[in-house]
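*Asks:* Have a look at this one.
We did not get these values from a lab; they are worked out from the coordinates using the rules stated. These figures come from a predicted structure and were not determined experimentally. Cβ placement follows ideal geometry from the backbone for every residue including glycine, while neighbour counts extend to all protein chains displayed.
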Ligand code: GDP
């Protein structure tokens, strides 16, 4: 199923109930608001977010009055649209670049979310903007992850710094960064080990690596399929290691879209990029405005 497909049709039910009305009132929006609430919950938007959203939309709707040429159902669509954009952070959150020396991007995330793939996709994306990149293989627990990164690096024609599995990630980071500086690389992207679940070992390792790299961006890679969990995950990583944003992957899958809608509001951190496929070109900025458009169909 198309992401947001169910949400879109759930919301349509709300607009339909306002056909023939002259003006939005507390009474006639009650049922549409219940539809909106239900649709958001079914799309895996987190409950506190849904509550605030519904409250804000109904407050605005009731105060609106008659607007010439705009029917009440269209008024409500517009309010929901603007509120969705706001929810997702409003503007696009651009990647930041260091003013001197290489920009360092540290990637974190649980196992299987698409972190290694994102490393190469991000390099591919930045190369198109004319930046030279280098990848650092820091997932020392899975030799296969290092091999995979090397293969992907070859595919996007970007050098990969590896030091095997016997060296501590923080030391690999230090050596890799030195190498990047020597070669005047614009952007260094470091892959790190993920675990199936959050654990202290992973967090401590990330803290050590972060200290060594002093990264411009610390991005948490999150699988959109985790739905409700995604927002809490971003919050936890932010509290533990301090992140600058998230990358949401697998938007081409049959996620219900809740993660895209909840992450910013729950964690305070923006989604900066989204992955929507397995090809190296399938990474793009997260546009709240376009996302809202997709939600409304
Ligand atoms: P890691 O364990 O976090 O490093 O995850 P990987 O990068 O190895 O990715 C795990 C799997 O997810 C691989 O089969 C990837 O091809 C796949 N994958 C990653 N990103 C996406 C995406 O945006 N869409 C789809 N459909 N698959 C993805």
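*Asks:* Give the order of 119, 133 when sorted by the count of other beta carbons within 10 angstrom, beginning with the fewest.
*Replies:* By the 10 Å Cβ count, ascending, the order reads 133, 119.
*Asks:* Still on this structure: Give me the extension gain from residue 155 to residue 284: residue separation times 0.36 nm, minus the current Cα-Cα distance, reported in nm with one decimal.
*Replies:* 44.6 nm
*Asks:* Once you keep just the Cα pairs under 8 angstrom separated by 6 or more residues, what percentage relative contact order results for segment 41-148?
*Replies:* Rounded, it is 12 percent for segment 41-148.
*Asks:* Which number comes out as Rg/Rh for the chain once both Rg and the Kirkwood Rh are worked out on C-alpha atoms?
*Replies:* 1.06
*Asks:* Further, regarding this structure: Using the 2.2 N^0.38 Å rule of thumb for compact globular proteins, work out how segment 182-227 stacks up: its C-alpha Rg over that value, please.
*Replies:* 1.39
*Asks:* How much length would be gained if the chain were fully extended between residue 144 and residue 171, taking 0.36 nm per residue of separation minus their Cα-Cα distance, in nm to one decimal?
*Replies:* Additional length available on full extension: 7.7 nm.
*Asks:* What FRET efficiency, computed as 1/(1 + (r/R0)^6) with R0 = 30 Å and r the Cβ-Cβ distance, is obtained for residue 12 and residue 197, rounded to the nearest 0.05?
*Replies:* Calculated value: 0.20.
*Asks:* Can you pull the semi-axes for segment 128-234, root of five times each eigenvalue of the Cα gyration tensor, sorted largest first, whole Å?
*Replies:* 23, 17, 15
*Asks:* Compute the separation of the alpha-carbon centres of segment 223-282 and segment 124-139 and state it in Å as a whole number.
*Replies:* Between the Cα centre of segment 223-282 and that of segment 124-139, the gap is 21 Å.
*Asks:* Grab the alpha carbons of segment 225-270, take their convex hull, and tell me the volume per residue in Å³.
*Replies:* 59 Å³
*Asks:* I've got another one for you. With r as the distance between the Cβ atoms of residue 86 and residue 25 and R0 = 22 Å, compute the FRET efficiency 1/(1 + (r/R0)^6) and round to 0.05.
*Replies:* Approximately 0.40, to the nearest 0.05.
*Asks:* For residue 70 and residue 127 in the same chain, what is the full-extension length gain: residue separation times 0.36 nm, less their Cα-Cα distance, in nm?
*Replies:* 15.9 nm
*Asks:* Using only alpha carbon pairs under 8 Å that are at least six residues apart, calculate the relative contact order of the chain and give it in whole percent.
*Replies:* 26 percent
*Asks:* Using only alpha carbons, build the gyration tensor for segment 145-297 and give me the equivalent ellipsoid semi-axes, biggest first, whole Å.
*Replies:* After scaling each eigenvalue by five and taking roots: 28, 19, 14 Å.
*Asks:* Rank by packing, highest mean first: peptides 43-50, 63-70, with packing defined as the count of other Cβ atoms within 10 Å averaged across residues.
*Replies:* 43-50, 63-70
*Asks:* Rg to Rh for segment 220-297: what is it, with Cα atoms only and Rh by Kirkwood?
*Replies:* 0.95
*Asks:* Can you compute the FRET efficiency between residue 42 and residue 183 using 1/(1 + (r/R0)^6), with r the Cβ-Cβ distance and R0 = 45 Å? Round to the nearest 0.05.
*Replies:* Given R0 = 45 Å and the Cβ-Cβ separation, E is 0.35.
*Asks:* A follow-up question, please. If all Cα-Cα distances of segment 196-252 are sorted into 10 Å bins from 0 onward, what percent lands in each bin, rounded to whole numbers?
*Replies:* Calculated P(r), rounded to whole percents: 22, 54, 23, 2.
*Asks:* Restricting to DSSP H runs of at least four residues, report the calculated mean residue ellipticity at 222 nm for the chain, -39500 (n - 2.57) per run over all residues, nearest 500 deg cm²/dmol.
*Replies:* About -15500 deg cm²/dmol.
*Asks:* Let me see the pair-distance distribution of segment 32-156: every alpha carbon pair, 10 Å bin width, integer percents in order.
*Replies:* 10, 27, 19, 19, 18, 6, 1
*Asks:* Let me ask something else. Using only alpha carbon pairs under 8 Å that are at least six residues apart, calculate the relative contact order of segment 172-297 and give it in whole percent.
*Replies:* 19 percent
*Asks:* Compute the long axis of helix 228-241 from its Cα atoms, compare it with the longest principal axis of the Cα atoms of the chain, and write down the angle in degrees, 0 to 90, nearest 10.
*Replies:* Helix 228-241 sits roughly 40 degrees off the main axis of the chain.
*Asks:* Then there is this: Counting residues in segment 61-127 as N, plug N into 2.2 N^0.38 Å and put the Cα Rg over that result.
*Replies:* 1.91
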